[in-house]
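Q: I have a structure I would like to understand better, so I am pasting it below and will then ask my questions one at a time.
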Amino acid sequence: MKYPIMLDLTGKKVVIIGGGKVAHRKAKGLVEVGADVLVVGLTVLQEIKELGIQVLEESYRKEHLNGAFLVFICTDNREVNQAVADDASANQLVNDTTNQANSAFFNMATVTKNELVVGISTGGGNPSYAKKVKLEIANLVETLETEEIAYRVKKN
């Protein structure tokens, strides 16, 4: 069983090892919440470079993890992925997108409207089912009046 939380990543260093589609999806979301993102990969998609974040097109080195709060492993190279998992310190939260056993956390599917965020998780066991549920919840959330949430947050 996992413990669900929401993290404030504003200004926190997040390192993504890998430069492909999964890395792009992670980087894009992290930029949106104000994280300080570094992407390291031998080849990095142009879309990642256009996010205005630090990008290093080079081989992974342990030093890349220095100061990282979160680490995402997003390569298709098992040896590199395992090296990153092994190199991370005990106080760094690691998500190996290719191997849940190497992960201290994983992302939930989310539906957001204004200040309302609904998280959907199958414990990492069935992402396609989580996606199905997400679509159903998105339809429900779309009809909700959520403006009141922001008002109450500001009022208190």
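The values are calculated or read from the model by the stated rules, or taken from the named source; none is laboratory data. Since the model is a prediction, treat every value here as computed from it, not as a measurement. Don't worry about glycine lacking a Cβ; one is built from the backbone with ideal geometry, like all the others, and counts go over all protein chains shown. Calculation scope for accessible area: heavy atoms of the full protein, side chains included, ligands and nucleic acids excluded. Shrake-Rupley method; radii C 1.70, N 1.55, O 1.52, S 1.80 Å.
Q: Do we have any residue at all in the range 132-150 that's within 20 Å of the chain's Cα centre (by Cα), loosely packed, with under 14 Cβ neighbours inside 10 Å, among the small types (Gly, Ala, Ser) and over 19 Å from residue 22 (Cα atoms)?
A: Among the residues of the range 132-150, not one is within 20 Å of the chain's Cα centre (by Cα), loosely packed, with under 14 Cβ neighbours inside 10 Å, among the small types (Gly, Ala, Ser) and over 19 Å from residue 22 (Cα atoms), which makes the answer no.
Q: Among the numbered conditions (1) buried (at least 17 other Cβ atoms within 10 Å of the Cβ); (2) within 27 Å of residue 132 (Cα to Cα), tell me where residue 99 comes up short.
A: Result: residue 99 passes all but (1).
Q: When the residues of the range 112-131 are narrowed to those that are open to solvent by less than 100 Å² (accessible area, probe 1.4 Å) and modelled with pLDDT under 85, which ends up farthest from residue 98 (Cα to Cα)?
A: 114
Q: Okay, moving on. Within the range 68-80, track down each residue that is more than 20 Å from residue 29 (Cβ to Cβ) and open to solvent by less than 70 Å² (accessible area, probe 1.4 Å).
A: Those that are more than 20 Å from residue 29 (Cβ to Cβ) and open to solvent by less than 70 Å² (accessible area, probe 1.4 Å): 77, 80.
Q: State which residue is most open to solvent (accessible area, probe 1.4 Å) when the search covers only the range 11-24 and only residues that are within 12 Å of the chain's Cα centre (by Cα) and under 15 Å from residue 46 (Cβ atoms).
A: Step by step, filter the range 11-24, then rank; the result is 24.
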